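To start, the structure under review is shown below, and the notes come after it.
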Amino acid sequence: MNTLTAEKRSMDVKAKRLRREGFVTGNVFGKEIKGSIPIKIVKADAERLLKTSGRGSQIMLNVLIKEVDYNSMKGQVEEIDFQALVSGEKVHSVAEIHLLNHEKVTTGVLQQVLHEVSYRALPSALVEKIELDVGDMRVGDSIKVRDLAIASDKDVDLQTDLDAVVVTVYAVHNTEAEEETAEGEK
């Protein structure tokens, strides 16, 4: 589990100024926290954290990364929101889907349709990512949410439709070969 050092920030200082000074702003919220707690994080620490952790990741302080705001013009993180976890209370989160062995699929084109699964779970049952081995898939094969290991976990309530397609393999159509055959028949 990753650890992040954050400081409570004064609302007297504008977020824009803190960003110029090398900080990322954020908030910690949760059921037992009235309102939210504004925080500031050293930008380098936040970027280091986000290289290994994404939305739905648990980090030390017992919080869940809830939202990350990027400035696409500068390519920088500006704000991260965290949710405090309470033992015995289910929270909404997402698990990213990572495909393994996709290079072994040679009989067609692999298409990942769904990149994350939404669910509710107790803090002890939270899942950051789902690794899915697709190496044995062939043309016409598909994997749905109901086929994922997380779908059979009794401590997890899936919010994503069980019939949603996660990944599929479809046939490659070679249009040049079809055109040459059509021309040869004339």
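The values are calculated or read from the model by the stated rules, or taken from the named source; none is laboratory data. None of these values were measured; they are calculated from a predicted model. Neighbour counts are summed over all protein chains in view; Cβ atoms, including those assigned to glycine, are modelled from backbone coordinates with ideal geometry. For accessibility, only protein heavy atoms count, side chains too; no ligands or nucleic acids. Shrake-Rupley method; radii C 1.70, N 1.55, O 1.52, S 1.80 Å.
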Original post:
Of all residues in the stretch 80-107, how many are in contact (Cβ under 8 Å) with a residue 60 or more places away in the chain, surrounded by fewer than 19 Cβ atoms within 10 Å (Cβ to Cβ) and either touching a Ser or Thr at 6+ places or on another chain (Cβ under 9 Å) or under 22 Å from ILE65 (Cβ atoms) (or both)?
Top reply: 2
Original post:
Taking GLU47 and the conditions (1) closer than 13 Å to VAL77 by Cβ; (2) surrounded by fewer than 18 Cβ atoms within 10 Å (Cβ to Cβ); (3) in contact (Cβ under 8 Å) with a residue 40 or more places away in the chain; (4) not polar (S, T, N, Q), which numbered condition does it fall short on, given that it satisfies the others?
Top reply: (3)
**OP:** May I ask you to verify whether SER118 is among the small types (Gly, Ala, Ser) and free of Cβ contacts under 8 Å to residues at least 40 places away in the same chain?
**Re:** no
**OP:** Only one of these is open to solvent by 70 Å² or more (accessible area, probe 1.4 Å), modelled with pLDDT of 95 or more and in contact with a Ser or Thr (Cβ under 9 Å, 6 or more places away or on another chain): VAL166, VAL145, VAL113, VAL117. Name it.
**Re:** VAL113
Subject >> Which numbered condition ILE33 misses (of (1) more than 27 Å from VAL156 (Cβ to Cβ); (2) open to solvent by 30 Å² or more (accessible area, probe 1.4 Å); (3) touching a residue at least 12 places away in the same chain (Cβ under 8 Å)) >> reply: (1)
**OP:** Could you look through the stretch 128-142, keep only residues that are within 12 Å of ILE97 (Cα to Cα) and of a type in the set (D, E, K, R), and pick out the one that is surrounded by the fewest Cβ atoms within 10 Å (Cβ to Cβ)?
**Re:** GLU131
**OP:** Among what's in the stretch 50-74 and is aliphatic (A, V, I, L, M), at negative phi and surrounded by 13 or more Cβ atoms within 10 Å (Cβ to Cβ), pick the residue that is modelled with the lowest pLDDT.
**Re:** VAL63
Subject >> Condition broken by ASN2, with the remaining ones in (1) in contact with a Ser or Thr (Cβ under 9 Å, 6 or more places away or on another chain); (2) over 22 Å from HIS115 (Cβ atoms); (3) open to solvent by 50 Å² or more (accessible area, probe 1.4 Å) satisfied >> reply: (2)
